[in-house]
1. Per residue of segment 68-78, in order, report the coupling 6.51 cos²θ - 1.76 cosθ + 1.60 (Karplus, θ = phi - 60°) as ³J(HN,Hα) in whole Hz, putting x for Gly and Pro.
2. In whole Hz, with x marking every Gly and Pro, tabulate ³J(HN,Hα) for segment 95-101 from phi via Karplus 6.51 cos²θ - 1.76 cosθ + 1.60, θ = phi - 60°.
3. Going by accessible area, probe 1.4 Å, with all protein chains left in place, what is the ranking of Asp25, Asp109, largest first?
4. Could you pull out the trypsin sites (Lys or Arg not before Pro) across segment 96-131 that fall in loop regions by DSSP (anything but H, G, I, E, B) with no more than 12 other Cβ atoms inside 10 Å?
5. Would you mind getting me the FRET efficiency between Gln81 and Glu137? Use the beta-carbon distance for r and R0 = 25 Å, nearest 0.05.
6. What percent of all Cα-Cα pairs in segment 69-140 falls into each 10 Å bin, going from 0 up to the bin containing the maximum distance?
7. Could you derive backbone 3J(HN,Hα) for segment 111-120 from the dihedral phi with the Karplus parameters 6.51, -1.76 and 1.60 (θ = phi - 60°), listing whole Hz in sequence and x where the residue is Gly or Pro?
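The values are calculated or read from the model by the stated rules, or taken from the named source; none is laboratory data. The structure presented is a predicted model; accordingly, all values stated were derived computationally and were not measured. Using ideal geometry, Cβ is built from the backbone for each residue, glycine included, and neighbour counts are taken over all protein chains shown. SASA here: full protein model, heavy atoms, side chains in, ligands and nucleic acids out. Shrake-Rupley method; radii C 1.70, N 1.55, O 1.52, S 1.80 Å.
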Amino acid sequence: MWAGQSKWSKENEPMGEINVTPLVDVMLVLLIIFMVTAPLLTQGVNVDLPDAEAPAMQQNIEPLVVTIRANGDIFMQKQKQPISIKQLAPRIQAMRQQKPGLPVFIRGDAKTPYGRVAEVMSLLETAGIRKVGLVTEPRR
């Protein structure tokens with residue numbers, strides 16, 4: 001060691017930087033995973049909704065959704081198993097007791113017979129629900 005040379009040279013100095021490349025790689029993979037899985041989590045039961053010209057509703061609470069498939073099967077919320085029409089009113093009454101102001105929407109397939117939708121709406125009325133929203137797709 002000569003005069004003026006410190007004990008630590010540039011080669012022996014500890015590195016004070018964090019390598020963020022692996023962190024960015026992990027974050028991009030997580031972002032892609034969440035982008036792919038998020039639509040699958042929110043969909044519930046697939047139905048072909050009818051088209052209509054109606055403004056989008058602004059909701060700050062998640063509504064109770066009753067889905068009716070084209071074959072007449074009824075689903076509540078995002079359940080994968082259909083329920084019988086006799087089970088519908090008691091289940092909705094129980095949910096409305098927990099959350100009295102809970103809005104109720106019907107997602108009916110475009111090919112669902114009108115009689116089946118009317119039957120479900122009648123049961124909702126007997127369950128004490130006076131206002132029911134019908135979910136549609138915007139016109140293409």
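1. Per-residue couplings from phi come out as 10, 7, 4, 7, x, 5, 10, 10, 10, 6, 10 Hz.
2. After applying 6.51 cos²θ - 1.76 cosθ + 1.60, I find 5, 6, 5, 6, 10, x, x Hz.
3. Final ranking, largest accessible area leading: Asp25, Asp109.
4. Passing both the DSSP loop test and the Cβ count: Lys111, Arg130, Lys131.
5. 0.50
6. 18, 55, 24, 3
7. Going residue by residue, I get 9, 5, x, 4, x, 5, 5, 5, 5, 5 Hz, with x marking Gly and Pro.
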